[in-house]
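Enquirer: Structure incoming, see below.
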Amino acid sequence: MKSYEEINEKIRSGKAVVLTAEEVVALGREKGVKHVAETVDVVTTGTFGPMCSSGAFLNFGHSDPPIKMQKVWLNDVPVFAGLAAVDAYVGATELSENVGFDYGGGHVIEDLIAGKPVVLRAISYGTDCYPRREIETEITLADLNQAYLFNPRNAYQNYNIAVNSCARTLNTYMGILLPNMGNATYSTSGELSPLLNDPHYRTIGIGTRIFMGGTEGYVAWEGTQHNPMQARGDNGEPLAPSGTLALIGDMKKMSTRYIRGSYYYKYGISLFVGVGIPIPILDEEMARCVCIGNEDIYATALDYSVENRAKPNFGRFSYKELRGGSITINGKSIPTAPLSSLKRAREIADLLKTWVKDEKFTLTAPVKPLPTDHGFKPLNIVPPTGAMV
Amino acid sequence: MAEQRVVLTFHRWQLDKPVTYHLVKDYDLVLNILQAKVTTEEGKLVLGLSGLEQNVEKGIEWLKEQQVIVEPLATGLSVNKDSCVDCGACTAVCPTGALSFSDDWTLGYDEEKCILCLACETACPVRAIEEKF
Ligand code: SF4
Ligand code: SF4
């Protein structure tokens, strides 16, 4: 048993043993979980994938005379302004009103982080205290008072494998799915993925300090669609999409290496978000969790050609098989392809490892744990009862 | 023998010439049409030519006599390494394995295997792939 304080003391004195989630799997295989529990202090994880539920809060400051911005556009992308006068939220998936799929909220966020000037346009009805009715100007990230990413859902604990059994190509958020099960796509970094290394959320909770977009960020809350009660294997790992995290971090310190706008053909815009979470090896149970390798983490293959919410499944496949390049469904070998970058996930886990080792990035115990006792409810379609005024 | 890949550029006034017919009939070449693009100004044709080596050479000579611009197809695609994030979305749609990962999960492009279908250009979420011609 080690406490956070003991681990942090080792980090401060430069004595902490830090491994990435891939390195620890190899060590566990060679020397066993007990050895890992005794010798390793921190394990660093990483993921770099498209995360649609992302966005940024911005404060523009006041013009002279001031305006209570009612509708706001950044580079022709509508941003949410139903807040105080000069606050706004840029949603990653919002499309440009001018060029549609070619540019969107994710690209606005990337351009701001890149330091590029962005055109701000706003209109208003004018009030006694905010007389201006329209404004057009140019801003950069440095001009803003606050700019922070607040992503309602990131770092999905596991996800589906997507296949398409019908005769036409499908353009989805899981990439282009070729007809007649021509390919299978998946989107997590497997054994490197943050929440798959802490399947029961013992160390990752509200307040946990993390790597986000190239700087430090924090877990703010459970993510939307957080589904801790998803079916799990004997090792505790969920077999389908499960826990999620809401994350917050200072956009002004982020880098476009780890935050990138993206566009999925005929689906829409998203945002690549780089996330890494350090996991303290408090005891043998945490050591057991971080030692679970790709061969023991499974995802479920779903048929995306079925339009219903409940899609038929074609069974479970391990991340080892997925990484190997093909899976077999109904006797047919189907090539697999990832959508999240393993290479950059590794880079993040490595970078976080150096932060912990050399820059004294200490660990935080959760201020409050994530809930473990609720499911994921559907939206039912019912006749309105007339409650609207 | 190996297929030789060339980019042919036609002026507007040459567009109605049956060049492919002559290459097949007079020079006994097998043609693989990799891509064709016609605008109001010019036409571009990417061809794979195979046959006897001297016939391929003669065929190309003949095309030049017809004032068709013949250039070797150096590379079909360029993958911008600065914007590529090595995600793999393009590998999902590449029919020939021209795009694939190396052991350390870096995206690699093998132009020998590329048939210029451009499925990858459509699939890339950060527009890192562009056609070269
Ligand atoms: S153009 Fe087609 S064959 Fe060439 S790399 Fe792209 S997907 Fe593969
Ligand atoms: S889809 Fe684009 S970004 Fe992703 S690996 Fe291919 S070229 Fe790189």
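The values are calculated or read from the model by the stated rules, or taken from the named source; none is laboratory data. In this text, all values refer to a predicted model and were calculated from it rather than measured experimentally. So basically every Cβ, Gly included, is an ideal-geometry build from the backbone, and we count neighbours across all protein chains shown. Each accessible area value is taken on the protein alone, full model and side chains, heavy atoms only, with ligands, DNA and RNA left out. Shrake-Rupley method; radii C 1.70, N 1.55, O 1.52, S 1.80 Å.
Enquirer: Can you flag which of A:Lys10/A:Lys253; A:Lys116/A:Lys368; B:Lys37/B:Lys113; A:Lys31/A:Lys253 are past 30 Å Cα-Cα?
Expert: Values: A:Lys10/A:Lys253 27 Å; A:Lys116/A:Lys368 38 Å; B:Lys37/B:Lys113 21 Å; A:Lys31/A:Lys253 39 Å.
Where the Cα-Cα span goes over 30 Å, the pairs concerned are A:Lys116/A:Lys368; A:Lys31/A:Lys253.
Enquirer: In addition: Can you tell me, using C-alpha contacts under 8 Å and at least 6 residues apart, the relative contact order of chain A as a whole percent? Working shown, then result.
Expert: On the way: 1013 pairs, mean separation 93.9, N = 389.
Once normalised by length, the contact order is 24 percent.
Enquirer: Also, I was wondering about something else. Return the unpartnered cysteines for the protein assembly as shown, using a Cβ-Cβ cut-off of under 4.7 Å.
Expert: That list is A:Cys52, A:Cys129, A:Cys166, A:Cys289, A:Cys291, B:Cys84, B:Cys87, B:Cys94, B:Cys114, B:Cys117, B:Cys124.
Enquirer: Give me the accessible area per residue for segment B:76-132, probe 1.4 Å, as a whole number in Å².
Expert: Numbers: 2490 Å² over 57 residues.
The answer is 44 Å² per residue.
Enquirer: Continuing with the same structure: So how far, in whole Å, is the C-alpha centre of segment A:292-341 from the one of segment A:59-73?
Expert: 48
Enquirer: Evaluate the relative contact order of chain B (contact order divided by residue number), counting alpha-carbon pairs under 8 angstrom at least 6 apart; express in whole percent. Please list the in-between numbers first.
Expert: Details: 210 pairs, mean separation 32.1, N = 133.
In percent, rounded to a whole number, it is 24.
Enquirer: Of A:Ile277, A:Ala301, A:Leu245, which is farthest towards the positive pole of chain A's charge dipole, taken about the Cα centre with +1 and -1 on the beta-carbons of Lys, Arg and Asp, Glu respectively?
Expert: Of the options given, the answer is A:Ala301.
Enquirer: Where both partners of a DSSP beta bridge lie in the protein assembly as shown, what percent of those bridges are antiparallel, to the nearest 5? Display every interim value, and only then the final one.
Expert: Working: 95 of 105 bridges.
Close to 90 percent.
Enquirer: When a/c reaches 1.5 or more, the comparison of a/b and b/c decides; with that in mind, is chain A rounded, prolate or oblate per its Cα gyration tensor? Numbers along the way, then the final one.
Expert: On the way: a/c = 1.96, a/b = 1.29, b/c = 1.52.
Because a/c hits 1.5 or more and a/b fails to exceed b/c, chain A counts as oblate.
Enquirer: Amide H to amide H under 5 Å from B:Leu77: which residues, 5+ apart in sequence or cross-chain, H placed 1.01 Å off N in plane?
Expert: Here the answer is B:Lys132, since their amide H atoms fall under 5 Å of that of B:Leu77.
Enquirer: Still on this structure, I have one more. Classify segment A:1-51 as rounded, prolate or oblate from the Cα gyration tensor: take a ≥ b ≥ c as the square roots of its eigenvalues, call it rounded if a/c is under 1.5, otherwise prolate when a/b beats b/c and oblate if not.
Expert: Working: a/c = 2.38, a/b = 1.20, b/c = 1.98.
Oblate is the answer for segment A:1-51, as a/c is 1.5 or above yet b/c matches or exceeds a/b.
Enquirer: Carbon and sulfur: what percent of chain A's accessible surface (1.4 Å probe)? Please report the intermediate quantities before stating the final value.
Expert: On the way: 8700 of 16600 Å².
Its accessible area is 52 percent carbon and sulfur atoms.
Enquirer: Could you list, in their original order, any pairs among A:Lys266/B:Lys81; A:Lys353/B:Lys81; A:Lys2/A:Lys377 whose Cα atoms are separated by more than 29 Å?
Expert: On the way: A:Lys266/B:Lys81 24 Å; A:Lys353/B:Lys81 25 Å; A:Lys2/A:Lys377 38 Å.
From the list (A:Lys266/B:Lys81; A:Lys353/B:Lys81; A:Lys2/A:Lys377), the Cα-Cα distance tops 29 Å for A:Lys2/A:Lys377.
Enquirer: Which of B:Phe101, B:Val79, B:Leu118 sits farthest toward the positive end of the charge dipole of segment B:76-132, with +1 on the Cβ of Lys and Arg and -1 on the Cβ of Asp and Glu?
Expert: B:Leu118
Enquirer: Roughly speaking, what is the stretch gain from A:Thr354 to A:Asp102, that is 0.36 nm per residue apart minus the C-alpha to C-alpha distance, in nm to one decimal?
Expert: Numbers: separation 252, 0.36 × 252 = 90.72 nm, distance 3.69 nm.
Taking A:Thr354 through A:Asp102 to full extension adds about 87.0 nm, to one decimal.
Enquirer: Something else about it: Rounded, prolate or oblate: which fits segment B:76-132 when a ≥ b ≥ c are the square roots of the eigenvalues of the alpha-carbon gyration tensor, with rounded for a/c under 1.5 and prolate only if a/b beats b/c? Let's see the in-between values first.
Expert: Details: a/c = 1.40, a/b = 1.11, b/c = 1.26.
Cα axes put segment B:76-132 in the rounded bin.
Enquirer: If you average the sequence gap of Cα pairs under 8 Å that are 6 or more apart and divide by the length of segment A:172-222, what percent do you get for the contact order? Present the calculation step by step, with values, prior to reporting the outcome.
Expert: Values: 36 pairs, mean separation 10.1, N = 51.
Relative contact order of segment A:172-222: 20 percent.
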